[in-house]
Each structure stands twice: as C-alpha cells, then as structure tokens.
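The values are calculated or read from the model by the stated rules, or taken from the named source; none is laboratory data. Not measured: the values here are computed from a predicted model. Cβ placement follows ideal geometry from the backbone for every residue including glycine, while neighbour counts extend to all protein chains displayed.
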Amino acid sequence: MPTIITLATRQSKLALWQTEHVAAELRRHHPKLEVRLLPLSTRGDEVLDRSLSEIGGKGVFLKELERALLDGAADVAVHSLKDVPAESPPGLDLSVVMPRADWADWWLTADGRAPSELPAGARVGTSSLRRQSQLLRAWPHLQVVPIRGNVQTRLGLMSSGQVDAVILAAAGLQRLGLPLTHRLALTPPAFLPAPGQGVIVTQCRAGDEAVKRLLAPLECSRTRAQVSAERAVVAAMGADCRMPLAALARLNDRGELELSARLCSPDGKQAVETSVSGARSDAAVMGRQAGDYILDHGGREIIAALEPLLSSK
C-alpha cells in the first residue's frame, strides 16, 4: 500500500473544500497515510468571459486534473460528478462515489421573492441550459442572463443588483457554509437537478489497484445506484453537460429506485419527460430505458434544434 497519496484538485474554494473532505476521510480510514493536495488551474476556471459551451463544456474543469493522473503527478483527482462526462478517458476510472449531499438547486434573491413574485423581464443569472429551460418552462415571464465565475462572484452579481436572482447548487453553498437569508429549493415536479448533482467522486488510473483499495472505504453503494441510473440516461442520449437534460434517481421506502428524467428546449416551450422504477441492480437498464424514451418521443428533435446553437459556440 502507498504511504503517500496525492490528490489533484481545482483551486476554487469549493473544489478545495471537496478535496480536503476526501483527504480527511482517507486519513480517518488510514491514519498512517500521508495525504497531499495538488491544486491546479483549469481552463474552465481561467476563461470566464465565455460560456462553458463555447470553450468545451464542463469537461474543461477536468482535463488538467486528468493529465496530472496520466503523467503520474497525482494519484487521485477529485471532481463534482455533475461535471464529469458519461465516459471516462482511456486509462482512467471513476473509482469511488461518495455519499450524496443535497441534490437540489437553490433560488436565491436579495429580498426573498419567489420566481412567481418577480415582475416580467426580471433578470435571473445562470450559465446552465438545464436551469434556464426549466425556469422558463415554469415561469416564462422571466429573463435569463448568462453568468460565469465562482459561487462568490455569482452571489455578488445578485447583491449588487446586476441580476434579480441566481440559481446555484445547494450542495456547494452548504459546503462553503455561506450565510444565505433568502433561499428557495427548486424541486420536482418543476425542477430536476443535473445528473450526479451533489456527489463528489474520485478518479484514478485504471490499473492502480493499491490506490483503489485505499479509496474503497469512501464508497457509497446507495449513491452509486442512484447516479448509475442518472448517468445512463446521459449515455443513452449521447448527451453532454451543454444539453438541457435533467435526471434524478431516488430510493423509495421499499428500496426500489425511482428515476425521473427530462429534456427541455432552451426556451422551455418543449419538454419530454419520463419516470421509471425498478430494482437497484437494474439502475443502468432503467437509465437507458428513460433515455431511449426521451429520444423516441421528441428528444431527437430538441437535440437537432440545439445542434446549430452548440456548434456555433
């Protein structure tokens, strides 16, 4: 077993929190293990004047970390699962899925007004087509303004009045411990999260069994089943993080998995959604069924209409 392990991480406050959390869990399970952090700057963090779709999608947050793994500069990379493409690059594995935190999106305003209480044309900041499409589907009187930057930057745009509201992931805000007076959870049926939202994962070299054994105690089988279903929707549809695709799998009181998925047009005027349920062991099958249903019932047309938008970025 290694006596030293190096974790690659982005340099944002949230990414560092998540990586420190993984480090603390490793030290708890392996008291003699020395855990080091390797903070790296990624293209997604550096280029803030263009949307993610213009510079390659959320995968731009991963490439430098993955390169550090392949080059041997790091043993493990720590990611937010919602930023991770459905397929891992050759030579790398998603080794551990950690317990899921709050999966919801939060609606944040300076004065506590709900979406329905804002006037027509009120400006809502989000860089996510998924959030945009569901917001406009439920509240078409609002205007979406693309924003980038870290959590503090986006909240600053709201507090300074440049936007009337922002939508951010609850898990990240909770992890940073930010004092938020006015927040509203956006939940089903109006809102579904991104596949894998609220989940921290570790990535390592495919053949590094010693590192995988060190990471194994951090695995959550319950969360693994949930995100396996959600990410199977993404894979079945050939989707990426630029698409307005949402999915959520939850375990009911009987231990069965219940999966909901939705694809919307960016303006929210078209939507295809489905729900399936079954055994945890069938998580991937359920996800493929949901993805195929969406494609066959109008999803292909929505995706085709998106292609000029995405290819022009």
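Got at least one residue in segment 51-66 being in contact with a helix residue (DSSP H, G or I) (Cβ under 8 Å, 6 or more places away or on another chain), in a loop (DSSP other than H, G, I, E, B) and at pLDDT below 90?
yes
Could you look through segment 87-112, keep only residues that are under 22 Å from Q152 (Cβ atoms) and of a type in the set (D, E, K, R), and pick out the one that is surrounded by the most Cβ atoms within 10 Å (Cβ to Cβ)?
Once the filter is applied, the top-ranked residue is D105.
Mind checking which helices (runs of 4 or more DSSP H) fall wholly inside segment 207-313 and carry at least 1 residues that are within 30 Å of P2 (Cβ to Cβ) and of a type in the set (S, T, Y)?
221-237
Against the definition (at pLDDT below 95 and under 30 Å from A305 (Cβ atoms)), how does S128 come out, yes or no?
yes
When you look at V285, is it among the β-branched types (V, I, T), modelled with pLDDT of 95 or more and not assigned by TED's automatic domain parsing to the domain that holds D75, yes or no?
Working: among the β-branched types (V, I, T): yes; modelled with pLDDT of 95 or more: yes; not assigned by TED's automatic domain parsing to the domain that holds D75: yes.
The answer is yes for V285.
Looking at (1) at pLDDT 95 or above; (2) under 19 Å from N150 (Cα atoms), which is the one condition that is false for R205?
(2)
Go through the residues of segment 255-276 one by one and say whether even a single one is more than 27 Å from V124 (Cα to Cα) and modelled with pLDDT under 95.
Within segment 255-276, one or more residues are more than 27 Å from V124 (Cα to Cα) and modelled with pLDDT under 95.
What's the number of the only condition in (1) modelled with pLDDT of 95 or more; (2) crowded, with 18+ Cβ neighbours inside 10 Å that M243 fails to meet?
Result: M243 passes all but (1).
What tally of residues in segment 34-50 results from selecting those that are closer than 28 Å to D105 by Cβ and at pLDDT 90 or above? Before the answer, list the steps.
From segment 34-50, those closer than 28 Å to D105 by Cβ are 39-50; that's our starting set.
In the following step, the residues that additionally are at pLDDT 90 or above were identified as 39-40.
Residues that pass the stated criteria total 2.
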